[in-house]
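Notes to accompany the following structure.
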Amino acid sequence: PRVLLATGNGKKLTELRRIIDEYDMDVDVICLKDIEPYPEPDETEWTFAGNALIKARQGMIHSGLPSLADDSGICVDALGHMPGVRSSRWNGPEEEDIANLELVLRQVEDVPRGRRQAQFVSVMALVMPDGREFTTRGVMTGHLTTRPKGSHGFGYDPIFVPDDQVPDADGRLRTTAEMTAEEKDAISHRGRSVRAMLPILARQLGL
Ligand code: ITT
Ligand code: NA
């Protein structure tokens, strides 16, 4: 069966397809650019779940397909859990990932190592054509670096060091941008929200 991932972010699509492949699920995931023209909805809610549902509902109404959507972001303790739902537009609406992460780094410039904790959060929403709705949530805890490292992944990956990793021989910890895709999927917020959603999706699709 075909399922829509209502996202304009190609990196999210890649991550979802990779995890679905791992579970050998017979699902064909299409995205918004496959059903253009598509008006991207305003993400007006203050919660990840609220925004994920806005995107998945609009995707379902527009495509008629079972629709998934991810709303995600990074919550920095020292910034009162911001940027949170505003992660993709922290440094202005048209800014690139690099400008957003540089602003966060400047904002935590004076925060010492022991107080640089942050969490990535992903809420995955599924809206079925009959109107049934489901959400799952995944979290990855860690801390912020002082400068970007690594070139994999996207967004804030170069400045985020997850807790859930084994240090190398020199005792060094890596950012998620220094990990392989598979290493990130195994511990990431989106890996967790997607893996929690897959049994629900399978059941809804009668797989
Ligand atoms: P869609 O809304 O179209 O899905 P988006 O990129 O605008 O795409 P969000 O509104 O959910 O998605 O914003 C999520 C932002 O949070 C994203 O742009 C990154 O800046 C950050 N983010 C989320 N997951 C991330 C990850 O795995 N690695 C790095 N940064 C991430
Ligand atoms: Na968005």
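The values are calculated or read from the model by the stated rules, or taken from the named source; none is laboratory data. Quick caveat: nothing in here was measured; it's all calculated off a predicted structure. All Cβ positions, even for glycine, are placed from backbone atoms using ideal geometry, and neighbour counts span all protein chains on display.
Scan the stretch 66-80 for residues that are crowded, with 20+ Cβ neighbours inside 10 Å and either without any contact (Cβ under 8 Å) to a residue 12 or more places away in the chain or assigned to a loop (DSSP other than H, G, I, E, B) (or both) and jot them down.
Scanning the stretch 66-80 gives a single hit, Pro66.
List the number of the failed condition for Leu126; all other conditions in (1) free of Cβ contacts under 8 Å to residues at least 60 places away in the same chain; (2) touching an Asp or Glu at 6+ places or on another chain (Cβ under 8 Å) hold.
Checking Leu126 against (1) free of Cβ contacts under 8 Å to residues at least 60 places away in the same chain; (2) touching an Asp or Glu at 6+ places or on another chain (Cβ under 8 Å), the one that fails is (1).
Only residues that are away from ligand 1 (no atom under 14 Å from the Cβ) and either in a strand (DSSP E or B) or β-branched (Val, Ile, Thr) (or both): list them for the stretch 8-29, please.
Correct list: Ile20, Val27, Asp28.
What is the one condition in (1) within 12 Å of ligand 2 (Cβ to nearest atom); (2) at pLDDT 95 or above; (3) not acidic (Asp, Glu) that Pro41 does not satisfy?
(2)
Search the stretch 47-65 for residues being more than 13 Å from ligand 1 (Cβ to nearest atom) and not β-branched (Val, Ile, Thr), and hand back the single one that is surrounded by the most Cβ atoms within 10 Å (Cβ to Cβ). Steps first, answer last, please.
Step one: list which residues in the stretch 47-65 are more than 13 Å from ligand 1 (Cβ to nearest atom), which gives 57, 60-65.
Still in the running and not β-branched (Val, Ile, Thr): 57, 60, 62-65.
Values: Arg57: 18, Met60: 24, His62: 17, Ser63: 19, Gly64: 12, Leu65: 21.
Applying the filter and picking the extreme gives Met60.
Listed residues Val85, Val127; which is at pLDDT 95 or above and more than 16 Å from ligand 2 (Cβ to nearest atom)?
The match here is Val127.
Look through Asp164, Asp168 and report the one residue that is surrounded by fewer than 17 Cβ atoms within 10 Å (Cβ to Cβ), at pLDDT below 95 and either under 30 Å from Tyr23 (Cα atoms) or among the hydrophobic types (A, V, I, L, M, F, W, C) (or both).
Working: Asp164 fails: at pLDDT below 95.
From the options Asp164, Asp168, the qualifying one is Asp168.
Quick check on Arg137: is it touching a strand residue (DSSP E or B) at 6+ places or on another chain (Cβ under 8 Å), away from ligand 1 (no atom under 12 Å from the Cβ), among the charged types (D, E, K, R) and within 22 Å of Ala56 (Cβ to Cβ)?
Criteria met by Arg137.
Farther than 20 Å from Asp185 by Cβ and more than 12 Å from ligand 1 (Cβ to nearest atom): does that describe Pro41?
In short, no.
Only one of Gly50, Gly114 is over 21 Å from Lys12 (Cα atoms), of a type in the set (Gly, Ala, Ser) and not in a loop (DSSP other than H, G, I, E, B). Can you tell me which?
Gly114
Which of the following residues is in contact with a Gly (Cβ under 8 Å, 6 or more places away or on another chain) and of a type in the set (Val, Ile, Thr): Val108, Val85?
Val85
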